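A.B. asks: Please find one structure pasted underneath; my questions will follow.
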Amino acid sequence: MSRAFVIALLGLLPQLLAAQSSQFGVRGLGFPGRALAVRAQGTGGGFGLFDPESSQNPAALAYIAALTSGFTITQGFRSVENPAGSASVRSTRFPQLVVAGPIRTFPAVVGFSFSNYTSRDFTLATSQTINPRGTPVNVSDTFSSRGGLNDFRIAGSYRLGTEWAFGAGFHIISGSNRLTSTRVFADPSFLSSRQRSELSFTGVGISVGVTRQFGSTFALSAMARSDGHLNVDRDSTRTGTVDLPYSFGFGLRWRPIAKLDLAGQTLVRTWSGANSDLLAMGGTGARNTVEISAGMEYASDPRRPYRLPLRLGAHYATLPFTLVPGQQGHEFGVSAGSGLRFAQQRAGVDLAVEYVGRSEGVYSENGFLISLGISVRP
Amino acid sequence: MKARIVGLLASVVLSGCQEKLTSPADCPTLCPGGQPQVYDEVFIATPGTDSSFSGYVQTHQATSLLISNGLQGFEERALIRFLARADSVSLRDTLRGYTIDSVAFSFMVAARDTNLDGVDLLLYRIAPTFDSASSFADLTLAFVPGSLIDTLHVPDTLNAGVVRTVFQGADLNRVQIEASDSGKMALGVRIASPTPTGIRLGASGGGNGAVFTTYVTLDVPDTGTARLRSLALGPAFNTYVSEVPQVPDTMQLAVGGAPSARSLLRFSLPSRIRDSATIVRATLELTPVAPITGLPTDPARLTARAVLADVGAKSPVSSGVGIGGQLPPPTDTLDIGATSVNLEAVRLVELWLGATTRPSALVLSLAPEAASFTRPVFFSTRAADPAVRPRLRLSYLLSFPFETP
């Protein structure tokens, strides 16, 4: 009862908060997604490499026992600060969709997922005074982008006995940025201007993963991924390519007691491979990133671990696309969540609330991400 | 428990799916591609290709009749020939004769100098034989004191509206129509005022011409109200004549006047603007040869129309600008005494951009055409001083350098 109350309170929290949006997705390919389902988000991402509804490790699919579909919606409320001022922004994302199921006569699971690879949704507003024709005129400029990159993964996992699980995935990375630059003059003698451009991206990648179970209380997981390169078209004209990173991940999971599940993981991505390409295109470059996550899931009733467990976690990550050359942004987040299965476990909802703080020099933002996951096992 | 879950979900959903993504930008760090740059550039009309053409609207087609007494150093007089008045009226399938009780003339004052009091209209009875070829000199002899039939005072409080005079009794002799005139009444109108001024009277071209009304009693046996009739006649022809006919100067750009003149200007914009620029302001700058003159409180309007096909004087022009021609053409008032004229024409210039076969040309005209005391004449590209040549001042943005990515 008290746990449900706490969860409900967390759900209501965003209504009480000032809301905001990310300025760290302005440069490069945008703000990177984490390919996590809500359950893993509630643990700070610590269970990402073990979570079958997340898309970080194809080997994790092996833990799916029945046909499962999952859908995630994330509402972000952030406050942004930079030398130009501050603002509150809100954003809505559908960062994760997964459908997977076991093959009956074979110890394998196949599935596909649709994840947010990067997000580049923002609107930047400035105002200044210019002197066209020698007369001061106030102008308001907005530069906006809508879109990002999506990661469509087709993956399979093969379970070798009760200890080993191997997985592989094929990724199609595509998306677009619809860019708009608008200038509005305070003097009505001037018309406002609106210019548009569209960047479209395509690329493919592969991923492999493995999970090793040591008894019933301890497991290790690892993954590697290569995303090749991204073809970049601007208004239907090829403008170049951007090397995408190799990713490596390692995680461990420990269940010291039946009620408590602990996990932690590290992900490293070689985004610096894109540095020269982005610089050549006029960007500010990219740097390698590391993401460290840890979390726990506490189930009050070990026989029914799906009934309102308490999830807690935290993560720290560096950000790939720098706002200022020579610097690198980073993100820190703490999260909490829970979930519930019902209708004979054929349906379930998960909720996660995450407080994130991001900064790079004088640029910072913080806020809450509220994620709701719906899963169905028909 | 289920209710709690529903409430929980609702709170999350209701907490705000509406996006709000706008945040302040710290440029240039947070402005991919930089910021828009506005460029200013002046383009002189293509040398030697600007011209004036006249004869578009004749004085008898104008929406107003101009009357003046030295406003521009010369006099203008109006001539009105009314429709023929029949000598009988059909009543109960029978043509009946009539006896004239009274006659009235009414005129619509379209515009006048409202700052000037003591303005009179002098009505002269003239022969109804004038036409569009008649000149001021041809009719000089008609405007003699003996022909003056009335002086119609324009109330000082009247800005615009109808003025009327009535003849009855013995005065009817002054407006009697001779049999040789076949029932046609014609008037000449001058103006008298303490200082030179002008007045615009309504004309048939504007649908508000003078009205000649005859009040009659029919020659019928009964004594009912059917005996009383009024015969209202509008102008069959009206025009005005000027003491100093307009002489077009081919070296300048005349706009307006009578017959009305229009000016055709051609521009040659570079491809970097035609293909890539977003024009945010376009100002057509013209320099009058002499300060703008005209009737105070009744300024004319200068209008620019885009040329659809450049075939010289008869070039068809678009009635509007903007997408689908939904917006009115660029128009601005010509202030009396102005020594420069700036006409904002960005919507017109936009029509020249991109993949279009439209010529980069425009036609200047005056409104009301052939019905304004303002007759601007502008320097053309043939002027010795480049600073007074017609020019287009553009403020534009080139393609925004969107960062990739």
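A.B. asks: Could you tell me whether any residue of region B:352-373 is β-branched (Val, Ile, Thr), open to solvent by 10 Å² or more (accessible area, probe 1.4 Å), modelled with pLDDT under 95 and touching a helix residue (DSSP H, G or I) at 6+ places or on another chain (Cβ under 9 Å)?
C.D. replies: Yes, that holds for at least one residue.
A.B. asks: Moving on to the next point. Part of a strand (DSSP E or B), within 14 Å of chain B (Cβ to nearest Cβ), surrounded by fewer than 20 Cβ atoms within 10 Å (Cβ to Cβ) and of a type in the set (Lys, Arg), is that true of A:ARG255?
C.D. replies: No.
A.B. asks: Let me ask you something else. Looking at region A:54-91 only, could you name the residues that are modelled with pLDDT of 90 or more, surrounded by fewer than 22 Cβ atoms within 10 Å (Cβ to Cβ) and among the aliphatic types (A, V, I, L, M)?
C.D. replies: A:ILE64, A:ALA66, A:LEU67, A:ILE73
A.B. asks: Scan region A:115-129 for residues that are crowded, with 19+ Cβ neighbours inside 10 Å and hydrophobic (A, V, I, L, M, F, W, C) and report the count.
C.D. replies: 2
A.B. asks: Follow-up. Inside region B:259-297, can you point out the residues that are open to solvent by less than 20 Å² (accessible area, probe 1.4 Å), away from every other protein chain (no Cβ under 14 Å) and of a type in the set (Gly, Ala, Ser)?
C.D. replies: Answer for region B:259-297, where residues must be open to solvent by less than 20 Å² (accessible area, probe 1.4 Å), away from every other protein chain (no Cβ under 14 Å) and of a type in the set (Gly, Ala, Ser): B:SER260, B:ALA261, B:SER263, B:GLY294.
A.B. asks: Could we say that B:ARG347 is without any contact (Cβ under 8 Å) to a residue 60 or more places away in the chain and either within 13 Å of chain A (Cβ to nearest Cβ) or farther than 20 Å from B:ARG262 by Cβ (or both) here?
C.D. replies: Numbers: without any contact (Cβ under 8 Å) to a residue 60 or more places away in the chain: yes; either within 13 Å of chain A (Cβ to nearest Cβ) or farther than 20 Å from B:ARG262 by Cβ (or both): yes.
Yes.
Per-residue answers, yes or no, for (1) away from chain B (no Cβ under 12 Å); (2) within 18 Å of A:GLN41 (Cβ to Cβ); (3) buried (at least 18 other Cβ atoms within 10 Å of the Cβ):
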site: A:GLY264; (1), (2), (3): yes, yes, yes
site: A:SER276; (1), (2), (3): yes, no, no
site: A:MET296; (1), (2), (3): yes, yes, yes
site: A:PRO305; (1), (2), (3): yes, yes, no
site: A:PRO309; (1), (2), (3): yes, yes, yes
site: A:LEU340; (1), (2), (3): no, yes, yes
site: A:VAL349; (1), (2), (3): no, yes, yes
site: A:TYR355; (1), (2), (3): yes, yes, no
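Matching residues to (1) open to solvent by less than 10 Å² (accessible area, probe 1.4 Å); (2) within 23 Å of B:VAL119 (Cα to Cα):
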{"residue": "B:ALA179", "(1), (2)": "no, no"}
{"residue": "B:SER182", "(1), (2)": "no, no"}
{"residue": "B:LEU187", "(1), (2)": "yes, yes"}
{"residue": "B:ALA192", "(1), (2)": "no, yes"}
{"residue": "B:ARG200", "(1), (2)": "no, yes"}
{"residue": "B:ALA203", "(1), (2)": "yes, yes"}
{"residue": "B:ASN208", "(1), (2)": "no, yes"}
{"residue": "B:THR214", "(1), (2)": "yes, no"}
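A.B. asks: Here's something else I'd like to know. Within the group B:ARG305, B:ARG393, B:ARG375, B:ARG347, which residue is under 24 Å from B:PRO270 (Cβ atoms) and not in a strand (DSSP E or B)?
C.D. replies: On the way: B:ARG305 fails: not in a strand (DSSP E or B); B:ARG393 fails: not in a strand (DSSP E or B); B:ARG375 fails: under 24 Å from B:PRO270 (Cβ atoms).
The unique qualifying residue is B:ARG347.
A.B. asks: Exactly one condition in (1) at the interface with chain B (Cβ under 9 Å from one of its Cβ atoms); (2) under 26 Å from B:GLU350 (Cα atoms) is not met by A:THR126; state its number.
C.D. replies: (2) is the only condition that A:THR126 fails.
A.B. asks: Let me ask something else about it. Check whether at least one residue in region B:312-332 is of a type in the set (Ser, Thr, Tyr), open to solvent by 40 Å² or more (accessible area, probe 1.4 Å), under 30 Å from A:SER140 (Cβ atoms) and part of a strand (DSSP E or B), and report yes or no.
C.D. replies: Yes: region B:312-332 contains one or more residues that are of a type in the set (Ser, Thr, Tyr), open to solvent by 40 Å² or more (accessible area, probe 1.4 Å), under 30 Å from A:SER140 (Cβ atoms) and part of a strand (DSSP E or B).
A.B. asks: If you don't mind, there's one more thing I want to ask. Those residues that are surrounded by fewer than 22 Cβ atoms within 10 Å (Cβ to Cβ), out of contact with any Leu (no Cβ under 6 Å at 6 or more places or on another chain) and not basic (Lys, Arg), I need them from region A:278-293; list them, please.
C.D. replies: Once the filter is applied, which keeps residues that are surrounded by fewer than 22 Cβ atoms within 10 Å (Cβ to Cβ), out of contact with any Leu (no Cβ under 6 Å at 6 or more places or on another chain) and not basic (Lys, Arg), region A:278-293 yields A:LEU279, A:ALA280, A:MET281, A:GLY282, A:THR284, A:ASN288, A:VAL290, A:ILE292.
A.B. asks: Okay, moving on. From A:GLY111, A:GLY148, A:GLY161, grab the single residue that is out of contact with any strand residue (DSSP E or B) (no Cβ under 7 Å at 6 or more places or on another chain) and among the small types (Gly, Ala, Ser).
C.D. replies: On the way: A:GLY111 fails: out of contact with any strand residue (DSSP E or B) (no Cβ under 7 Å at 6 or more places or on another chain); A:GLY148 fails: out of contact with any strand residue (DSSP E or B) (no Cβ under 7 Å at 6 or more places or on another chain).
The match here is A:GLY161.
A.B. asks: Just to be sure before I move on: is A:VAL109 farther than 18 Å from A:GLN41 by Cβ and in contact with a helix residue (DSSP H, G or I) (Cβ under 7 Å, 6 or more places away or on another chain) in the structure I sent?
C.D. replies: It is true that A:VAL109 is farther than 18 Å from A:GLN41 by Cβ and in contact with a helix residue (DSSP H, G or I) (Cβ under 7 Å, 6 or more places away or on another chain).
The values are calculated or read from the model by the stated rules, or taken from the named source; none is laboratory data. The structure presented is a predicted model; accordingly, all values stated were derived computationally and were not measured. Neighbour counts are summed over all protein chains in view; Cβ atoms, including those assigned to glycine, are modelled from backbone coordinates with ideal geometry. Side chains included, ligands, DNA and RNA excluded: accessible areas come from the protein's heavy atoms. Shrake-Rupley method; radii C 1.70, N 1.55, O 1.52, S 1.80 Å.
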